[in-house]
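In what follows, a single structure is set out as structure tokens and then discussed.
Every number here is computed from the coordinates shown, using simple stated rules; none is lab data. Keep in mind the model is a prediction, meaning the values are calculated, not measured. For neighbour counting, all protein chains shown are included, and Cβ atoms are generated from backbone atoms with ideal geometry for every residue, glycine included.
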Amino acid sequence: MLEKYTIKVITFSFLSTFIVTLSFADDIADQPYFAADWGIANYSTAPIGYPSQTVMTRIAVGYLFIPTLAAELGYSMFGDLNNNPGTVSGTITASSLQLAIVGNLPLSSRFSLFGKIGLAGNNQKIDSSVGSMSESANSVLIAGGLQYHLRSQLSIRAQYDNFGNFGKLDASTGDMSVSAFSLGVVAIF
């Protein structure tokens with residue numbers, strides 16, 4: 001008897017939360033948005049002699065189907081990694097094109113959590129004094145964060161992204177992967 005009651009309470013709670021969530025921002029459904037993010041990127045296995053951190057800049061456009069579901073297309077550029085240990089110098093550049101589904105969970109009228117899952121087309125290139133080489137890889141993008149709504153059409157966000165595999169530039173290290181923590185702004189049109 002207690003199990004049936006518990007299941008009914010949980011089901012009612014989930015349905016109520018879903019209905020309330022849909023009503024939080026009904027005025028911003030079916031609208032495009034623009035986002036820009038700036039942050040720090042971490043390379044998991046940068047080649048020997050190269051730093052493992054750099055800056056990241058992302059621009060993105062998206063479309064809110066309903067207040068809790070959107071699709072987003074983004075392009076991330078990572079700052080150059082420079083190496084000059086002696087006779088051989090080099091620079092690594094990297095970028096990522098992402099397509100993701102975004103789920104939003106309003107916590108209040110001002111705060112919401114969001115998560116992204118999608119595909120990332122990652123590219124990296126090394127130019128050194130002994131030659132050039134490039135790698136590309138497709139990977140799963142996983143991201144999540146917290147968004148603060150300044151107004152109904154303008155928000156700031158903090159997020160963590162895992163861009164996945166970028167390929168291998170150095171035989172002595174494994175495949176390079178990149179993750180980033182960033183702060184950004186979202187404007188709904």
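Just need a number here: residues in the stretch 113-155 that are closer than 18 Å to Lys168 by Cβ and touching an Asp or Glu at 6+ places or on another chain (Cβ under 6 Å).
1
Tally the residues that are under 21 Å from Met176 (Cβ atoms) and not small (Gly, Ala, Ser), restricting the search to the stretch 59-98.
Adding up the residues that qualify gives 15.
In this structure, is Gln124 touching a residue at least 40 places away in the same chain (Cβ under 8 Å), farther than 30 Å from Leu105 by Cα and under 21 Å from the mean Cα position of the chain (by Cα)? Reasoning before the result, please.
Details: touching a residue at least 40 places away in the same chain (Cβ under 8 Å): yes; farther than 30 Å from Leu105 by Cα: yes; under 21 Å from the mean Cα position of the chain (by Cα): yes.
Here the answer is yes, as Gln124 does meet what is asked.
Can Gly131 be described as surrounded by fewer than 20 Cβ atoms within 10 Å (Cβ to Cβ) and over 27 Å from Ile66 (Cα atoms)?
Here the answer is yes, as Gly131 does meet what is asked.
Is it fair to say Ile142 is more than 16 Å from Ile101 (Cα to Cα), free of Cβ contacts under 8 Å to residues at least 40 places away in the same chain and in contact with a strand residue (DSSP E or B) (Cβ under 7 Å, 6 or more places away or on another chain)?
Against the criterion (more than 16 Å from Ile101 (Cα to Cα), free of Cβ contacts under 8 Å to residues at least 40 places away in the same chain and in contact with a strand residue (DSSP E or B) (Cβ under 7 Å, 6 or more places away or on another chain)), Ile142 does not qualify.
Do the conditions hold for Ser52, that is, is it surrounded by 19 or more Cβ atoms within 10 Å (Cβ to Cβ) and among the small types (Gly, Ala, Ser)?
Spelling it out, it is not the case that Ser52 is surrounded by 19 or more Cβ atoms within 10 Å (Cβ to Cβ) and among the small types (Gly, Ala, Ser).
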